[in-house]
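Working notes, beginning with the structure itself.
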Number of protein chains: 2
Amino acid sequence: MSSADFLSKLAQLLPIAQVYTDPVDCYAYAYDNSRIFHAPIAVVFPLNTTEVQAVIKLCNAHKVPVVPRGRGTGTAGGSVPEAGGVALSLERMNKIISVDPDNRMAIIEPGVLNQELQDAIKGVGFFWPPDPSSAAYCSIGGNLATCAAGPHAVKYGVARDHVLGLKAVTGNGDIIKTGCYTSKGVVGYDLTRLLVGSEGTLAVIVEATLKLTPLPKHTGGITAEFADTASCARAIAAIMAQPYTPSALEFLDNGALNLIRGRHKNLLPENARAYLMIEVDGAQQEIIEATQAILQACQVDGLIEAKPAEDTKALWAARKALSPLLKDIAPKKINEDIAVPVSHLPELLTGLEKLAAQYKISNVNFGHAGNGNIHVNLLVNPDNADEMKRAYECLDDVFSLVLSLQGTLSGEHGVGMAKRPFISREIDETTINLMKAVKLTFDPNNILNPGKLFPK
Amino acid sequence: MSSADFLSKLAQLLPIAQVYTDPVDCYAYAYDNSRIFHAPIAVVFPLNTTEVQAVIKLCNAHKVPVVPRGRGTGTAGGSVPEAGGVALSLERMNKIISVDPDNRMAIIEPGVLNQELQDAIKGVGFFWPPDPSSAAYCSIGGNLATCAAGPHAVKYGVARDHVLGLKAVTGNGDIIKTGCYTSKGVVGYDLTRLLVGSEGTLAVIVEATLKLTPLPKHTGGITAEFADTASCARAIAAIMAQPYTPSALEFLDNGALNLIRGRHKNLLPENARAYLMIEVDGAQQEIIEATQAILQACQVDGLIEAKPAEDTKALWAARKALSPLLKDIAPKKINEDIAVPVSHLPELLTGLEKLAAQYKISNVNFGHAGNGNIHVNLLVNPDNADEMKRAYECLDDVFSLVLSLQGTLSGEHGVGMAKRPFISREIDETTINLMKAVKLTFDPNNILNPGKLFPK
């Protein structure tokens, strides 16, 4: 069937306002925050499960790729229509179906924004822990597809820890229901967590039952400045080795500090070369005890000052602004998201500095240090071929370093398109082949986000 | 190939002390705590991954069932060799490979007992939250295969929440590695949690990387007595609707109380008809605040008394002894493990009482009320055909009630053999067929614990 015939069939499935086929309209659905660009042949905006199913069945019958999409805030190209086909935007399936404080649950459609959910449950005393920087405009469906996390994961875990059940449409258009509406359940395989983090390659999530967490009673802050990265890394390891788990433990290297200093005068101490923003929460006394224990753990050679922070709001705002600031100073950043066991952070962070010097690549590192999850940013000019070559060689060595330290290539961003060339270095061929076989049970014609997540 | 030929090949794979073929020796591997009995043709005791792989490859080549087994403490028949074949006992793969307090992780072989792990990590300030009643003699491998939980799941979650990675052997003898050695990781599908709770039907776990949790600083207790089950259920719902999550919230109905009263004089108040044993943990002040909030939530019509408990050790010992006590008074118990959203516990518990009266079946209910997870025990005499008939009719109505209350048929025991006749009432055919297809990707010849977990 010709593309025109297919599009005409597609147009018959949904009201006219729910199908874009004009390339101009489709443009905004051709990229995500990775800035990789591949245009879809159409964008559809289903309003319910039946419409999702109809689109998938049509695409499956004609072997046309379907690329599910939240708000396109991913950084790894997971929602980019690499193989063309139909972009399936869930943005109009955005109802909060129910909030059930008595059972600490909510049922939502995938297009609900993270922030919308937080706003809806805060009044009844709850939050949903995944909190990526893009929380204000990323969708819960996208959070689930990537198993998103954020600063609070160090204490509260990631998306997979906060979902109880899903409704989803597989690649052949079957509607499946996974999990349960109870806080415990072991009937059948755990397809819920198999779908979480599967980047839209197994099924399209059309409804999710989320577990809600009571808001902490109180919150406290600590900041710590260090003369160098190595001492800061030792403090991170020491903080995580004592029993009080911080609710956030964010690391900024000197490059990141300089970016913030350029924009926010007098916010940060001048002599610090590495910095920790730490949050603790719980009962008032727990905060006092945790603060004391964490200040103690910060007492390493190289500490300039560690102190309780009166008002951390400005600092958090600056931390959240870091990603956009990075774009300002380099036309392109190669943005990685590696994680290592926290005890290996000293080797990782000093190793990253050495590699940046060796390859002469500007390098800004920051991130969720409590999880050993560091956002490594190589700042490059794509027009400089030599720099780009050095950057990719450097990246290769970064990944070797990470894997040698028992780490993983992605802590929270996912594989998408960007990390496909590297993942066979982390996952052996046997296990990858098994994952491919699992995909085909959900999606026999390989139409759901084809190619994503697997080695290139 | 004849059975004798197969056994002779099996005997060549392993040293003589690691293969039982004498039916007398095999007897102890023919049942679990469900008391369902099916003898294996042999029992093997591999010492390492290579030996597990060799056994599975041989069995796969000859399409002989392999039934992996921890310590046989399951209650649903999950490790019973229903289809004959080889019982693969992991009990001799019992090394704690590493304890890594700095990263809050441990790597273990599957045969390590839950209690052995707890003992090994307590000294460095940690525990592993899953704590089934059988913790002293059940294996971690079994805990993972069933996604085990226990009283502390209400605050700390279940087995799947406390495992980071696995090494496993699939049904065709492939060795796979899942997950990572970091607290966050999103590379590839989450096969880790797919294997957890899969009851040995997908792969045999030969190594697990576990997430450890810091021991709570302090622990406090509360007991609450009620004049009837309905008022107690309302108190449970009220406790879970306020923000302080107890670290355990155990319910005992009058039948359970009477069993304990018969064995432990003066431990329990005489007039209580329903009882809560509540534990809180954390900082001292948190315990004070939580205790206050929970005592307040207990103030429902029908409360006799709610008070802080000085010493909860004797109570916990009595609670743990309940399951064996149940065996004393009835030749057979039909032991169910249903869960409902906590807000529906009042309807569930009063409904259970009505059904017991209607079908004239003695009924003892207790369990992890904070998760809405109730162990329903129908006490029956298998020699009384009329009683057995009434019991199974009652059970059918119990399941209907549970599902009508948005519940699940098993909160923590799993499906095994015992619940197979019922699970299609909870999971739709499409989703079950997908699960079956997933199984075949791991186990193409359906040799791993064949039949288990799926509808009969």
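Going from the isolated chain to the complete set of protein chains, the stretch B:183-197 loses at least 10 Å² of heavy-atom accessible area (1.4 Å probe) at B:S183, B:K184, B:G185, B:V186, B:V187, B:G188, B:Y189, B:D190, B:L191, B:R193, B:L194, B:G197.
Computed 3J(HN,Hα) for the stretch B:148-153, one whole-Hz value per residue from the Karplus formula 6.51 cos²θ - 1.76 cosθ + 1.60 where θ = phi - 60°, is 5, 9, x, x, 7, 4, glycine and proline marked x.
The Rg/Rh ratio of the stretch A:370-416, with both radii computed over alpha carbons and Rh defined as the Kirkwood radius, is 1.02. Computed from backbone phi, the HN-Hα couplings of the stretch B:187-198 come to 8, x, 5, 7, 6, 4, 6, 5, 6, 5, x, 8 Hz, rounded to whole numbers (Karplus: 6.51 cos²θ - 1.76 cosθ + 1.60, θ = phi - 60°; Gly and Pro given as x). For the stretch A:173-274, would you read off the P(r) tail past 24 Å as a percentage of all alpha carbon pairs? Percentage above 24 Å: 56.
Structural descriptor for chain A: relative contact order 16 percent, calculated from alpha carbon pairs under 8 angstrom and at least 6 residues apart. Taking Cβ atoms as reference points and 14 Å as the exclusive limit, the residues near A:V44 contribute a net charge of 0, counting Lys and Arg as +1 and Asp and Glu as -1. Here the Debye sum runs over all C-alpha atoms of the stretch B:311-456 as equal scatterers in vacuum, and log10 of I(q)/I(0) at q = 0.14, 0.15, 0.18 Å⁻¹ comes out as -0.76, -0.85, -1.11.
A 1.4 Å probe over all protein chains sorts A:C180, B:C26 by accessible area into A:C180, B:C26, starting with the largest. Using a probe of 1.4 Å on the protein chains alone, the accessible area found for B:K389 is around 130 Å². From largest to smallest, the equivalent ellipsoid semi-axes obtained for the stretch B:321-404 from the alpha-carbon gyration tensor read 21, 16, 9 Å.
Using the rule -39500 (n - 2.57) for each DSSP H run of four or more residues, divided by the residues of chain B, the 222 nm mean residue ellipticity is -10000 deg cm²/dmol. Run the accessible area of chain A with a 1.4 Å probe and give the carbon-and-sulfur part as a rounded percent. Carbon with sulfur: 51 percent of the solvent-accessible area.
Relative contact order for the stretch A:3-89: 35 percent, from Cα pairs under 8 Å spaced at least 6 residues apart, divided by residue count. Radius of gyration (Cα atoms) of the stretch A:96-214, expressed as a multiple of 2.2 N^0.38 Å: 0.97. Counting only alpha carbon atoms, the long axis of helix A:385-404 and the longest principal axis of chain A meet at about 80°. Per-residue mean of foreign Cβ neighbours for A:415-425 is 1 (Cβ atoms of other chains, 10 Å radius). In chain A, the longest principal axis of the Cα atoms and the axis of helix A:254-263 are about 80 degrees apart.
Based on protein heavy atoms only, the protein assembly as shown ends up with 35 Å² per residue of surface accessible to a 1.4 Å probe.
Residues of the stretch A:236-250 whose accessible area (probe 1.4 Å, heavy atoms of protein chains only) drops by at least 50 Å² once all protein chains are present, relative to their chain alone: A:P243.
Label-to-label distance for A:L403 and B:I288 is 5.4 nm, based on points extended 7 Å past Cα in the beta-carbon direction.
Across peptide B:282-288, the mean count of Cβ atoms from other chains lying within 10 Å of each residue's own Cβ comes to 5. Please give the solvent-accessible surface of A:K354 in Å², to the nearest 10, using a probe radius of 1.4 Å with every protein chain present. For A:K354, solvent-accessible area is about 140 Å². Sorting A:263-274, B:280-291, B:83-94 by their mean Cβ neighbour count within 10 Å, with the most densely packed peptide first, gives B:83-94, B:280-291, A:263-274.
Do any residues of the stretch A:365-380 show a loss of at least 50 square angstrom of accessible area between the isolated chain and the full protein assembly, using a 1.4 Å probe, and if so which? Residues shielded by partner chains are A:N371. Computed over the stretch B:233-353, the P(r) tail beyond 21 angstrom holds 44 percent of alpha carbon pairs. Taking every alpha-carbon pair in the stretch A:3-89 and binning the separations at 5 Å intervals from zero gives 3, 16, 28, 26, 17, 8, 1 percent.
Counting only other chain Cβ atoms within 10 Å of each residue's Cβ, the peptide B:396-409 averages 2.
For the stretch B:378-456 versus the stretch B:128-146, the inter-centroid distance based on Cα atoms is 21 Å.
Taken about its Cα centre, the protein assembly as shown carries a charge dipole of roughly 1060 debye when the Cβ of each Lys and Arg holds +1 and the Cβ of each Asp and Glu holds -1. Close amide-amide hydrogen proximity is noted between B:S362 and B:L379, each under 5 Å apart and 5 or more residues distant or on a separate chain (H modeled in the peptide plane; Pro and chain starts excluded). Computed with a 1.4 Å probe on the full set of protein chains, the accessible area for B:W316 sits at about 50 Å².
Placing R0 at 30 angstrom, the Cβ-Cβ distance between B:D386 and B:K320 gives a FRET efficiency of 0.35 after rounding to 0.05. Buried between B and A is an accessible area of approximately 6500 Å², summed over both sides with a 1.4 Å probe. Estimated translational diffusion coefficient (Stokes-Einstein, Kirkwood radius over Cα pairs, 20 °C, 1.002 mPa s) of the protein assembly as shown: 75 µm² per second. Under 5 Å between amide hydrogens, built in the peptide plane, is the criterion, and for A:H218 it picks out A:G282 among residues at least 5 positions away or on other chains.
Restricting the calculation to Cα atoms, chain B shows an Rg/Rh of 0.98 when the hydrodynamic-style radius is the Kirkwood one.
The values are calculated or read from the model by the stated rules, or taken from the named source; none is laboratory data. Only a predicted model underlies this, so the values are computations on that prediction, with no experimental measurement involved. In this analysis, Cβ positions are derived from the backbone assuming ideal geometry, glycine residues included, and neighbour counts consider all displayed protein chains. Protein only, heavy atoms only, side chains kept; ligands, DNA and RNA dropped before computing areas. Shrake-Rupley method; radii C 1.70, N 1.55, O 1.52, S 1.80 Å.
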